[in-house]
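Undergrad: Before I ask anything, let me first share the structure, which is written out below as structure tokens.
The values are calculated or read from the model by the stated rules, or taken from the named source; none is laboratory data. Note that the structure is a prediction, hence the values are computed from the model and not measured. For accessibility, only protein heavy atoms count, side chains too; no ligands or nucleic acids. Shrake-Rupley method; radii C 1.70, N 1.55, O 1.52, S 1.80 Å.
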Amino acid sequence: MRQVTVSDDLNVLMARLETLEQLQGQVTTMAFMKISQLAQATDTPVDTIRYYEREGLLPEPARGDNNYRVYGPEHAERLAFIRQGRGLDMSLGEIRTLLAWRDQPDADCGAVNGLLDEHIGHIATRIRALRALEKQLQALRAQCRQASTTVHCGILSGLVQAAADRPRRDTQARGSHIHGTHR
């Protein structure tokens, strides 16, 4: 059996203290970030961060002695929430509303459910429109089964015919294009 000495205990404690000091240093550097560091940490362009600040989605950060913006972990967390909402194709207005509810932890979440149900409805409508668009594109593609000269291309002929058959834009109902599908 190995005999533990005070010296061994002291060495173990010193090693743990060094590790703790290293972790504290990391937390301290993570706790306060310049905008470029926040951008890198969250994979968000600096201009987008500034835009979210102007829109009131991100609280204005404190300023350091050098007048640089100083961001904390709460900014990174809120920015991650915003980006998650945008990834779910939520509008900034929807995200703003969700953030307001998130900032009221004791509030009833029924309105949050309602907002999400409404968003799901919008997505379902867009999916139906995209499926109709897919069928149109497949029908157009079926007009040209094999490659030939462009003068005989069924796709190009179909586009020309569809453009000729289409009513003028001012008489056509708006909204036939599905916005938000191109990235």
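Undergrad: Leaving ligands and nucleic acids out of the surface, order LYS34, LYS135 by accessible area at 1.4 Å, largest first. Walk me through the intermediate numbers first.
TA: Values: LYS34 90, LYS135 145 Å².
Ranked list, largest accessible area first: LYS135, LYS34.
Undergrad: Any chance you could look up the accessible area of ASP108 with a 1.4 Å probe, heavy atoms only, rounded to 10 Å²?
TA: 130 Å²
Undergrad: I've got another one for you. Could you rank ARG166, ARG54, ARG126, ARG145 by how accessible they are, 1.4 Å probe, largest area first? Each step should come with its number before you reach the end.
TA: Values: ARG166 120, ARG54 170, ARG126 65, ARG145 190 Å².
Order by accessible area, largest first: ARG145, ARG54, ARG166, ARG126.
Undergrad: With every protein chain left in place and a probe of 1.4 Å, what is the accessible surface of LEU133, to the nearest 10 Å²?
TA: About 70 Å², ignoring ligands and nucleic acids.
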